[in-house]
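To start, the structure itself, in structure tokens.
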Amino acid sequence: MKLYDTKTAPTPRRVRIFMAEKGIQCEIEQVDIVAGDNLSNAMRAKNPLGKIPILELDDGTCISESTAICTYLEAQYPEPPLMGTTPLAKANIMQWQQRAELYLFNQVGMCFQHTTGVFKDRMTPVPEYGREAGINAAKFMHMLDKHLAENTYLGGESYSIADITAFCAIEFARVVKLRVQPDQVHLSRWLDAMRARPSSQA
Ligand SMILES: N[C@@H](CCC(=O)N[C@@H](CS)C(=O)NCC(=O)O)C(=O)O
């Protein structure tokens with residue numbers, strides 16, 4: 001099994017942290033996405049969208065989309081569970097995973113891409129859209145602070161894929177100067193706990 005990874009990018013980090021939490025090790029190949037190495041014909045044969053991460057299995061099968069990769073790994077390596085074990089826990093964790101991805105992670109990503117123009121060789125940056133995405137991410141962090149006042153983790157009492165997605169989004173948000181606010185004490189408590197986990201180094 002081999003992971004196509006970009007050390008500086010937030011999406012592949014989600015998979016690296018997920019693997020670290022489960023103690024999964026595999027070959028890792030770095031792909032320079034700023035140089036556009038992800039857009040080669042060889043990489044598009046592995047993922048037609050040309051995005052990283054990609055997990056390549058020993059028989060050559062490729063899985064992309066970080067949540068799909070994590071779903072495969074969860075089934076192959078069930079311990080410790082990171083996507084819930086009961087029907088309700090699975091649904092609750094996926095609910096928060098989706099919220100964290102759509103309303104935080106993707107918003108931070110759009111803010112980054114559209115305000116910095118980092119990928120202007122392959123997309124048209126719209127700075128106003130980027131600024132709006134940053135506002136949306138900040139609003140979600142405000143809501144998350146309230147949620148974490150009554151929940152240890154995003155999905156309740158156990159650490160999960162939803163925490164990994166939100167953590168990678170908030171850490172990456174520093175590049176667009178979006179940070180947890182001093183009065184967001186519950187979000188700060190949760191962020192400190194995420195940073196204290198050994199997997200945060202992945
Ligand atoms: N929804 C995808 C997003 C993948 C993605 O956008 N990856 C970024 C790195 S964070 C990438 O490969 N960007 C390079 C490009 O867009 O050319 C997932 O969850 O895996």
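What follows draws every value from the coordinates through simple rules; no lab data is involved. No experiment lies behind these values; they were computed from the predicted model shown. Methodologically, a virtual Cβ is constructed for each residue, glycine included, from the backbone with ideal geometry; neighbour enumeration extends over all protein chains shown.
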Per q in 0.10, 0.16 Å⁻¹, report the Debye log10 I(q)/I(0) for the chain, using one uniform scatterer on each alpha carbon and no solvent.
-0.42, -1.09
Ascending count of other beta-carbon atoms within 10 Å, so fewest first, for 118, 15, 34
34, 118, 15
In region 101-191, the GluC sites (Glu not before Pro) that fall in loop regions by DSSP, at most 12 other Cβ within 10 Å
150, 157
Once phi is turned into θ = phi - 60°, what whole-Hz ³J(HN,Hα) does the Karplus curve with 6.51, -1.76 and 1.60 give for every residue of region 94-104, x standing for Gly and Pro?
5, 4, 6, 4, 5, 4, 5, 6, 6, 9, 10
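Ranked by Cβ crowding within 10 angstrom, fewest neighbours first, how are 40, 200 ordered?
Ranked by crowding around the Cβ, least crowded first: 40, 200.
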For region 2-76, just the Cα set please: Rg and Dmax, both in angstrom.
11.5, 34
Between region 71-138 and region 1-34, the alpha-carbon center distance in angstrom
16
Which number do you get for Rg(Cα) / (2.2 N^0.38 Å) in region 87-201?
1.09
Total formal charge among the other residues, if their Cβ is under 12 angstrom from that of residue 138, Lys/Arg +1 and Asp/Glu -1:
+2
When the Karplus curve 6.51 cos²θ - 1.76 cosθ + 1.60 is applied with θ = phi - 60°, which whole-Hz ³J(HN,Hα) does each residue of region 8-20 get, with x for Gly and Pro?
8, 9, x, 5, x, 4, 4, 5, 4, 5, 4, 5, 5
Which order do 102, 88, 73 fall in if you start with the one that has the fewest other Cβ atoms within 10 Å?
88, 102, 73
